[in-house]
Structure formats: structure tokens, C-alpha cells
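The values are calculated or read from the model by the stated rules, or taken from the named source; none is laboratory data. Predicted, not measured: the structure shown is a model, and the values here were computed from it. Note that each Cβ is placed from the backbone with ideal geometry, even for glycine, and that neighbours are counted across all protein chains shown. The protein model used for the area step is the full one, side chains on, heavy atoms only, and it has no ligands, DNA or RNA in it. Shrake-Rupley method; radii C 1.70, N 1.55, O 1.52, S 1.80 Å.
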Amino acid sequence: MEKARPLWSNSLQFVFACISYSVGLGNVWRFPYLCQLYGGGISSVVVSFFLSMYYNVINAWGFWYLFHSFQDPLPWSVCPLNGNRTGYDEECEKASSTQYFWYRKTLNISPSIQENGSVQWEPALCLILAWLMVYLCILRGTESTGKVVYFTASLPYCVLLIYLVRGLTLHGATNGLAYMFTPKMEQLANPRAWINAATQIFFSLGLGFGTLIAFASYNEPSNNCQKHAIIVSLLNSFTSIFASIVTFSIYGFKATLNYEDCLNKVILLLTNSFDLEDGFLTVSNLEQVKDYLESTYPSKYSKVFPQIENCSLESELNTAVQGTGLAFIVYSEAIKNMEVSQLWSVLYFFMLLMLGMGSMLGNTAAILTPLTDSKLISRHLPKEAISGLVCLSSCAIGMVFTTEAGNYWFDIFNDYAATLSLLLIVLVETVAVCYLYGLRRFESDLASMTGRTLNWYWKAMWAGVSPLLIISLFVFYLSDYILTGTLQYQAWDASQGQLVSKNYPTHARAVIGLLVASSIMWIPLMALGTFIMRCLRRGETAPVA
């Protein structure tokens, strides 16, 4: 067995990390009690495979933006001219240059998920390049992957530190930080907020995917998993806060610029409409002058009033987005307004690629470990061939996300392929270890490995608090679904230059159901199969009268 020791191999929550140490093997075939009886390991591999199919598309988009970052000016900083070259493109003017570059030049997005369109060859080539890089990194197995992860995990910290210094010196950065650290208590009653929080921590720590169990299986049984689990959990939380400070400082810069640009448009409109002296109307006296003009020239002001924008810094900050919108629209919008924007763009998208590649390496390890450990498969195929087949099949399926409707399918996989499934997988694993395998037996295994007994905190968390929290998240998830009603998605309307809500068609809802069912069905199927096999064995061994 390879003796790779990735630095982050213990960052799975203590209970799941220790499962792999107890048996010293991988996430599916190496813990037969969980796999054969409850199918949790197989479900983890299926979820990891779904994740690999769509997640590498983010790296493809990262390559696309990185290649365009060397242009001067940046292609998303200005709107292109229309066909007659008499003005700017109408769609771009209604949206913004960054949104236009994302939705039209990068995605060439269709009006709805029902219009699939053709494969876009440029994103498709970037996706092939992304999978080629993943394959080269995992070619020699976990040993080479662990070495690459040192680089992909440490470099983003350096770039984030540079961006932190730059972000804190930007105009309006304090507005973003104040928005970040101001609690909104009403969000605690929103089920979606809790679901998003749980999904984020599951993804950032890798819970339920089997990734970290696969890596941790190559450590020695005597490894101090308790200490490493605590350290990595704290490091993960610190990294999240650190990255959030960078993000919100840049977001505050963007929101402040938009707010001030809105005010300047109002000032210009009022100055021209009422023949005011240049420089008389400023941001500081805008509200007073508006009140004066409204009371002095009511009829004239009423004609101008519909053209006056309602400028609000709070509303600009409240338009925060997440996911691909944050990565490729908000950051691009901020970068284009920075000095030496090409440098900051290259740094940002290179960092994004390193983060994406690090995630992909860990995710593919969760798939490859059980496959390469299986004697049935490894007997006929070498590791290089198994890795190649996994990458090739994932790349081929991933071409769906490079079609004109690909971003809509990406959102489906991102929202439903690994949310409800992860909750159920982690819940089943926790219950199986604590109540079926036995908490005392598990505690004895840990004591024999680490030489120390568990305190009450760990046992209370595993046996009580964690299952109750996960069940509560299930309730939140179902209540959110009931309150939402028909499943909807955000479609790009080129005529309006903005996103509009549309209902998912029947075939899309069927795919959502299949995604969820295909990952969690292994748990009851394996349990049922094991029960039937045990009944048959008992019947064969029963004494004949």
C-alpha cells in the first residue's frame, strides 16, 4: 500500500476520520460493516462522481478567464459595439459589461433550459484542458496527488494575503466589512440560510464524500487523528473568515463605486434639467437641493422625477450573489476598476484554478481509491487506465455543461446532486457507528490506536447532538421545499439584460429526482440485500428435523 501522508488527510470530522484509521483502509471496500449493510460508502462514491462531472467546469471557466486576463483592456471591462458600429451592444447596455461577458461571451446562454443548443467549442476545449491537468496529477495515484495538494493548498493563501492588503486599501472596503459583520437576525428564521450553511461546511470539510477517509486510510493507525481533526477544523473556519474579509472588502469597493456612480448620474440629470451651476450640486447637499427643487418647481420636478434613480448603498450591498456569480461577475466587476487590472485578474483566476484543482484532486481520490483497491478491477486494469477511464467518462458527460443551456444543468447538479444526499449519508454513518457498530466498541478501537480514552464531549456530539442537528436540517430542507412550491431556476433574459425566474420543466424535475435517488438508494438497497443474504444463510444452516 502507498504510504502517502497528505497534510489534510485528517480534516474529516473526528468520527469519520477515525473510522478509516480503525480499519486502515478506504472509504467503501475497507469498512465492510458500513458498506455492505448500509451502502454509505457506495453512496459517497456516487456523490463524488456527480461532483466530478460538473465541478471541473468551474476550472474550465477559470482557464477561459485566465487566458483573457492578458488583454488590455480586459474584455469584460467595456461593452462591444453593435453590428452597425453606431453604439454599444443593446444587451450589454441593459446589463453590464461583466454580465455580458459572462452570459453571452463565456456561456452564450440560451433563454431557457428547454433550448439546449450546441456545444460551445471554446469552453469545451477549456474543459478538456482542465481534465488533462487532473489526469496528470492523479496519474501515479495518491502519492503524487498528495504532493500536488501541498502546492494547490498553499498557493491560494499567498494570493489571498496579497488580495487582503489590496482589498483593505480600496475605496469603500470598510462598507463591505461593516456589512459582513452586521448580523441579520431575521435570517435565522430562514430555512434556506441553514441549508446553505450546512452545505458550505460539508463541502469545505469534505464530509460525506469519502475524500478525506480515502486519504486518511494511508496513515498509520497510531496517528493522532483527534489533534489533527481539531486543528484542521479550526484552520478551515479561520480560512473561511479570512477569505470572507477579502471578498467583502472587494465587494464593498464594487458596491461603493456603483452607489457613487448612481449619485453622479442624478447630479448630472438635475444640473442639466434645472440649469444649475456646475459644481453647485454635490453628494453632501443632494437631498437638500432635491427638496428645494421639488418645493420651488413642482411641475418641472414631477416631469424629471421618474428619471431619478433611487440610489442606496444598502441596496447595492444587499444584491450580494454567490457561487459562479460571485466568482466570475462580482470579482470581475471589481478587478476592472483596479489599477493594473490585468495583474490582479491573472492573480485571482490563477488562485481560483489552484483551489478548483485541489478540490478536484481530492474528489477524484474518493472515486479512485475504492476502484484501485478492488481486486476485481485492479486485476485487469492498471491504475493509470482506471484513472484515465474515470477522467474520460467525467469529461464526456461534462460536455453537457458547455452547451448553451449548460449553465442551467450546472445549477441543477450544484443544487441537488450533493445536498440532501450528503445529509442522509452522514446521518446514516453516524447512526451506524454509534448505535449499530457500537459507541463503546468504537471508543475501544480509538483507545487502542491513540492510547487515550475519549472524553464526554465527543461521545455526546456523536451520539446526540450531531444526529439531531442533521435531522433538523432535513426538516428545514423539506419545509423550504414546501414553502417554495414549484422548483424554479434563474434564466437569462437578453431583452431585459437580467435574470428572470422560470419553473423547471418536467424533464428537468425528473433529472433532479434521479440525481437524489441514484445517490441515496444504495443505502436501503444494500441493507435489504444484506438482510436477504443473512436470511438465506440462516435457512441453509438450519438443522433438518
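Largest accessible area first, the listed residues LEU368, LEU168 line up as LEU168, LEU368 when surface is computed with a 1.4 Å probe on the assembled protein chains. Here the Karplus relation 6.51 cos²θ - 1.76 cosθ + 1.60, evaluated at θ = phi - 60°, turns the backbone of the stretch 258-271 into coupling constants of 5, 5, 5, 5, 4, 4, 5, 5, 5, 4, 5, 4, 5, 5 Hz, with x for every Gly and Pro.
Which order do you get for GLU443, GLU93, GLU429 if you rank them by accessible area with a 1.4 Å probe, largest at the top?
Details: GLU443 40, GLU93 115, GLU429 15 Å².
Highest to lowest solvent-accessible surface, that is GLU93, GLU443, GLU429.
Give me the lysines in straight-line cross-link reach of LYS383: C-alpha distance below 26 Å, same-chain residues under 8 apart excluded. Reachable lysines: LYS3, LYS147, LYS375.
Across q = 0.19 Å⁻¹, the stretch 322-478 modelled as identical point scatterers on its alpha-carbon atoms has Debye log10 I(q)/I(0) values of -1.21, in the order of the q list. Farthest towards the positive end of the charge dipole of the chain, among the residues PRO156, SER284, SER421, is the Cα of SER421, using unit charges on the Cβ of Lys, Arg, Asp and Glu. Legend: residue pairs LYS265/LYS300; LYS184/LYS254; LYS94/LYS290; LYS265/LYS502; LYS265/LYS336, Cα-Cα distance threshold 29 Å; pairs beyond threshold, LYS265/LYS502. Annotation for GLN200 and THR530: the two label points, set 7 Å from Cα along the Cα-Cβ direction, are 3.5 nm apart.
Sorted largest first by accessible area at a 1.4 angstrom probe radius, with every protein chain in place, the residues VAL428, VAL465 fall in the order VAL465, VAL428.
Placing a label point 7 Å from the Cα of ASP480 along the Cα-to-Cβ line, the residues of the stretch 412-443 whose backbone N sits under 11 Å from it are 415-416, 419-420. The share of accessible area on the chain that comes from carbon and sulfur is 63 percent, using a 1.4 angstrom probe. For the stretch 336-351, the Karplus equation 6.51 cos²θ - 1.76 cosθ + 1.60, evaluated at θ = phi - 60°, returns couplings of 5, 8, 8, 6, 6, 4, 4, 4, 5, 5, 4, 4, 5, 6, 5, 4 Hz by residue, with Gly and Pro reported as x. The relative contact order of the stretch 96-229 comes to 9 percent, based on Cα pairs under 8 Å that sit 6 or more residues apart. As I understand it, the value is the acute angle between the Cα axis of helix 522-541 and the longest principal axis of the Cα atoms of the chain; what does it come to in degrees, rounded to 10? The angle comes out at about 10 degrees. Considering only ALA432, PRO467, PHE410, and ranking their Cα positions along the charge dipole of the stretch 355-502 that arises from unit charges at the beta-carbon of Lys, Arg, Asp and Glu, the one farthest toward the positive end is ALA432. Using a probe of 1.4 Å, the accessible surface attributed to ASP72 totals some 130 Å² when neighbouring protein chains are kept in position.
Probe of 1.4 angstrom, ligands and nucleic acids ignored: what's the accessible area per residue over the chain, in square angstrom? Display every interim value, and only then the final one.
On the way: 26600 Å² over 545 residues.
On a per-residue basis, the chain sits at 49 Å².
Backbone geometry of the stretch 245-252 corresponds, through the Karplus equation with coefficients 6.51, -1.76 and 1.60 at θ = phi - 60°, to 3J(HN,Hα) couplings of 4, 4, 5, 6, 5, 6, 5, x Hz, x marking Gly and Pro. With point charges of +1 on the Cβ of Lys and Arg and -1 on the Cβ of Asp and Glu, referenced to the Cα centre of the chain, which listed residue (SER118, VAL134, TRP522) lies farthest in the positive direction of the dipole? About the Cα centre, the residue reaching furthest to the positive side is TRP522. Between helix 383-398 and the chain there is an angle of about 40 degrees, using the helix long axis and the longest principal axis of the Cα atoms. Using the Cβ-Cβ distance between GLU277 and ALA243 with R0 = 60 Å, the FRET efficiency computed as 1/(1 + (r/R0)^6) comes to roughly 0.80. A run of the chain free of exposed loop cleavage sites, with chymotrypsin sites (Phe, Trp or Tyr not before Pro) counted only in DSSP states other than H, G, I, E and B and at most 13 other beta carbons within 10 Å, reaches its longest extent at 281-545.
What dipole magnitude, in Debye to the nearest 20, does the chain give about its Cα centre under +1 on Lys/Arg Cβ and -1 on Asp/Glu Cβ? Please list the in-between numbers first.
Values: 31 positive and 35 negative charges, 505 e Å.
Here the chain has a charge dipole of around 2420 debye.
If each DSSP helix of 4+ residues adds -39,500 (n - 2.57) and the sum is divided by the residues in the chain, what number results at 222 nm, nearest 500 deg cm²/dmol? Each step should come with its number before you reach the end.
Values: 25 runs with 355 residues, N = 545.
For the chain, the value works out to -21000 deg cm²/dmol.
Kindly provide the pair-distance distribution of the stretch 322-398 built from C-alpha pairs, with 10 Å bins from 0 and whole-percent values in order of increasing distance. Final binned percentages: 16, 32, 22, 18, 10, 2. Annotation: average projected area of the chain is 32.0 square nanometres, based on the convex hull of Cα atoms across all directions.
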